[in-house]
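Here's the structure we're looking at; comments come further down.
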Amino acid sequence: MITVVLPRRAGPGNEGFLKRFLENPLVGKVVVLETGSVSPLPPRCEALCCDEPGSGRTWNALFSRISTRYILYLFRADVRIDPRAPDRLVAAAAATRAGMVYADYAEYCGKTLREHPLNDYQTGSIRDTFDFGPLILISTAAARRAFRKYGEIAPFRWAGWYDLRLKLSTDRRIFHLPQRLSVVGESGPTATHPSEKAGGGHFSYVDPRNRLFQQEMEEAATLHLKKIGAWLPPSFRDVPISNHSFPVEASVVIPVRNRARTVADAANSALAQRTDFPFNVIVVDNHSTDRTTAILADLADRHSSLIHIIPKRRDLSIGGCWNEAIFSNVCGRYAVQLDSDDLYRGNTVLQRLVRELRRRNCALVVGSYTIVDENLKEIPPGLIDHREWTDENGRNNALRINGLGAPRAFDTAILRGIRFPDVGYGEDYAVALRISREYRIGRIYDSLYLCRRWKGNTDADLSIGQANRNDAYKDRLRTIEIRARRRMNGVTVWKS
């Protein structure tokens with residue numbers, strides 16, 4: 001029933017590793033993907049020479065030579081499979097009629113075994129970095145039906161696997177089995193696709209060295225959005241003229257809790273802005289328990305343009321703090337983001353952001369930032385400018401990537417109509433996606449912002465559980481957005 005497919009496993013245990021698969025009565029043969037010279041293999045094993053494990057040519061060649069009902073694909077070499085894993089995956093696929101099944105795993109950290117649960121796949125899980133763990137089971141019949149309906153896998157160098165799983169997900173379920181079926185070593189993070197080396201990493205989608213890789217991923221994602229009726233053309237609504245009277249033209253908004261070490265730097269960088277319009281700085285102090293409140297009170301005494309707000313509610317997250325600012329009677333016509341541990345780069349940032357909002361009739365303008373350490377020294381990858389963004393396809397590609405960048409400047413009237421979700425992660429992404437559904441988003445590609453990476457960051461040293469919750473939340477945002485865009489395009493689909 002099964003053909004096992006895996007990249008070449010180096011090391012003396014290669015033959016024994018392959019034979020263990022062949023001992024399972026469900027396994028008919030093993031195909032080893034070779035990117036170099038072909039090495040001798042045991043009986044019932046064959047080599048497939050390929051350029052990249054994730055290429056379209058590789059996957060089309062696999063499906064042309066495989067006649068079993070399923071493919072069991074291993075993403076990495078240092079994996080130990082539960083002896084019953086093939087049986088369990090096949091049983092789940094048969095019961096759910098899934099096009100693909102994946103399962104949880106564990107990993108050794110020194111001598112400690114750490115469980116690594118995975119997220120359920122949903123409509124919005126279209127990011128190319130979705131983690132399926134080290135092994136997946138693919139229904140060959142479901143894949144071939146998808147090829148007949150949507151065409152074979154495109155001849156991408158890296159995005160072939162991504163194109164395959166998007167095609168599978170269009171009409172068939174991708175099913176997560178919440179059971180540990182494998183264990184991996186400490187050689188690195190589990191590959192989320194066969195070509196992780198070519199485009200992996202937290203900032204890979206903005207690294208200019210990965211531009212060709214990212215263009216392929218964007219092309220595959222765009223084709224998928226067109227197939228499911230969620231793609232939007234580059235036509236935008238005009239930002240309506242607000243009849244509301246604003247006290248100033250712009251407000252810099254700084255939500256903060258317990259940032260005594262950095263909040264004064266952030267506030268002073270905002271206060272130092274030079275503009276041809278009046279502005280203020282609204283700091284929403286979310287009941288800090290360190291010296292943050294005292295520092296802000298002192299700054300407010302010395303600077304009349306700094307508004308220090310302490311919400312009445314004690315249950316707010318970052319998004320709720322933003323709502324406190326934008327709905328206050330001191331908020332300006334434009335609301336401009338500044339995180340409490342970051343700084344503006346120079347004193348013309350606010351002027352440039354507001355000018356771009358006005359010039360291009362945008363509801364949101366996003367600048368570029370430079371990654372720095374605690375002492376404001378630039379660290380790799382340096383400038384994050386999101387040059388992957390285009391007016392033609394940015395609003396669609398935003399559904400594939402995990403963020404739009406910083407600093408962000410909003411039209412306050414539009415923002416009040418949308419509101420921030422009251423969450424502590426992804427609130428900015430949620431609003432940006434919603435805005436991009438209707439309005440133009442402008443970009444500035446110069447570095448306007450210094451983004452500190454230090455142990456105090458809210459996303460530093462996340463547990464697996466918290467990282468999963470963050471990823472699942474953004475996938476849910478994408479699910480909501482895809483459904484809304486399909487409805488805009490007149491597509492009615494009830495599939496979850």
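The values are calculated or read from the model by the stated rules, or taken from the named source; none is laboratory data. Worth saying up front: this structure is predicted, and the values here are computed from it rather than measured. Glycine also receives a Cβ, built like all others from the backbone with ideal geometry; neighbour counts cover every protein chain displayed. These accessible areas exclude ligands, DNA and RNA; they are computed on the full protein's heavy atoms, side chains included. Shrake-Rupley method; radii C 1.70, N 1.55, O 1.52, S 1.80 Å.
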**OP:** Give the Rg/Rh ratio for the range 27-164, taking Rg as the radius of gyration of the Cα atoms and Rh as the Kirkwood radius, to two decimals.
**Re:** 0.95
Subject >> Length added when fully stretched, residue 287-residue 109, from 0.36 nm per residue minus Cα-Cα >> reply: 60.3 nm
Original post:
If the cut-off is 30 Å between C-alpha atoms, which lysines fall inside it for residue 149, apart from same-chain ones fewer than 8 positions away?
Top reply: 29, 167, 226, 227, 474, 495
Original post:
Using 7 Å Cα-to-Cβ label points, what is the residue 455/residue 68 separation (nm, one decimal)?
Top reply: 4.8 nm
Subject >> Solution diffusion estimate, µm²/s, Stokes-Einstein, the chain, Kirkwood Rh from C-alpha pairs, 25 °C, viscosity 0.890 mPa s >> reply: 100 µm²/s
Subject >> Over the chain: helical MRE at 222 nm, DSSP H runs n ≥ 4 each giving -39500 (n - 2.57), nearest 500 >> reply: -10000 deg cm²/dmol
**OP:** Run the accessible area of the chain with a 1.4 Å probe and give the carbon-and-sulfur part as a rounded percent.
**Re:** 50 percent
Original post:
Which ³J(HN,Hα) values in Hz, rounded to whole numbers, follow from the phi angles of the range 45-56 under the Karplus curve 6.51 cos²θ - 1.76 cosθ + 1.60, where θ = phi - 60° and Gly and Pro get x?
Top reply: 10, 9, 9, 10, 6, 8, 7, 9, x, x, 6, x
**OP:** State the extension gain, in nm to one decimal, for the chain segment bounded by residue 315 and residue 402, taking 0.36 nm per residue of separation less the distance between their alpha-carbons.
**Re:** 28.7 nm
Original post:
On full extension of the chain, what length is gained from residue 26 through residue 49, given 0.36 nm per residue of separation minus the C-alpha to C-alpha distance?
Top reply: 5.8 nm
Subject >> Order by protection proxy (mean Cβ within 10 Å, highest first), peptides 82-91, 50-59 >> reply: 50-59, 82-91
Subject >> Within straight-line cross-link reach of residue 312, aspartates and glutamates at Cα separation under 19 Å, skipping those fewer than 8 residues along the same chain >> reply: 285, 290, 324, 422
**OP:** Mind checking which lysines have their Cα closer than 16 Å to the Cα of residue 455? Skip sequence neighbours fewer than 8 apart in that chain.
**Re:** 377
**OP:** Round to the nearest 0.05 the FRET efficiency obtained for residue 141 and residue 361 when R0 = 60 Å and r is the Cβ-Cβ distance.
**Re:** 0.75
Original post:
How much accessible area per residue does the chain have, in Å², with a 1.4 Å probe?
Top reply: 43 Å²
Original post:
With every protein chain kept in the model, how would you rank 303, 176, 244 by accessible area, 1.4 Å probe, largest at the top?
Top reply: 244, 303, 176
